[in-house]
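For reference, the structure discussed in these notes is given below.
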Amino acid sequence: PVGLLLERSTDLIVAMLGILKAGGAYLPIDPIYPDERIKFILTDAEATVVVTHSNLSPRLVGLTTEQLLVDAPADEIVDAPQPSCLVTPTDAAYIIYTSGSTGTPKGCVIPHQQVVRLFDATAAWFEFGTDDVWTLFHSPAFDFSVWEIWGALLYGGRLVVVPHATSRNPEAFLDLLRAEKVTVLNQTPS
């Protein structure tokens, strides 16, 4: 597992793809979490690396986890060879932690085949395509983000990353939906 402590952004999506391409499973951690939850998740999942941004790096003080900063100066980025790994359908794609509302949070390991199954099972209902515009509205640490991110990428659509502040402002969110001509919107009932 590779920790992923980033705001919703293009960097988040690129980091997810990089982790998967290298054969890892991404472990999304919402920056709005309290420090103690962040540290618990990284320790419990035994993540040895976390991809983050320099402004979030102080949240990881006290951990031995290696940090890869997405905003590191170009001369600090190591040019590594392309990873050569084989990933099977049963390998972990990501790990999402439960809220812990009934006790200690638990990491749910989701294999690649379950992400594909989600879309295979619903393809006939929705008929998504390359003309669709999806939103990444939800936290990557919430399982609905899987539908938003991978739906857009698997169907060749466009993904609009909704900034956190916009997700909390209904008028700004509506303006974004109109401006981007969003065709696929996912919202929880609350």
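Scan V50, V14 and give me the residue that is within 16 Å of the chain's Cα centre (by Cα), over 17 Å from F142 (Cα atoms), crowded, with 23+ Cβ neighbours inside 10 Å and not basic (K, R).
Working: V14 fails: crowded, with 23+ Cβ neighbours inside 10 Å.
One residue alone meets the criteria, V50.
Could you tell me which residue of segment 69-96 is nearest to D11 (Cα to Cα), considering only residues that are part of a loop (DSSP other than H, G, I, E, B), modelled with pLDDT under 85 and open to solvent by 70 Å² or more (accessible area, probe 1.4 Å)? Filtering segment 69-96 for residues that are part of a loop (DSSP other than H, G, I, E, B), modelled with pLDDT under 85 and open to solvent by 70 Å² or more (accessible area, probe 1.4 Å), the one nearest to D11 (Cα to Cα) comes out as I77. Within segment 101-129, if we keep just the residues that are part of a loop (DSSP other than H, G, I, E, B) and in contact (Cβ under 8 Å) with a residue 12 or more places away in the chain, the residue that is surrounded by the fewest Cβ atoms within 10 Å (Cβ to Cβ) turns out to be G129.
When segment 130-187 is examined, which residues are found to be hydroxyl-bearing (S, T, Y), in a loop (DSSP other than H, G, I, E, B) and open to solvent by less than 70 Å² (accessible area, probe 1.4 Å)? First the steps, then the outcome.
If we filter segment 130-187 for residues that are hydroxyl-bearing (S, T, Y), which is where we start, we get 130, 135, 139, 145, 155, 166-167, 183.
Those still in the list that are in a loop (DSSP other than H, G, I, E, B) too: 130, 139, 183.
Across segment 130-187, the qualifying residue is only S139.
Does K39 satisfy the criteria of being over 15 Å from P140 (Cβ atoms), charged (D, E, K, R) and open to solvent by 80 Å² or more (accessible area, probe 1.4 Å)? Here the answer is no, as K39 does not meet what is asked.
The values are calculated or read from the model by the stated rules, or taken from the named source; none is laboratory data. Computed from a predicted structure; not experimentally measured. Every residue, glycine among them, receives a Cβ derived from its backbone with ideal geometry; neighbour counts consider all protein chains shown. Note: areas computed on protein heavy atoms with side chains; ligands, DNA, RNA excluded. Shrake-Rupley method; radii C 1.70, N 1.55, O 1.52, S 1.80 Å.
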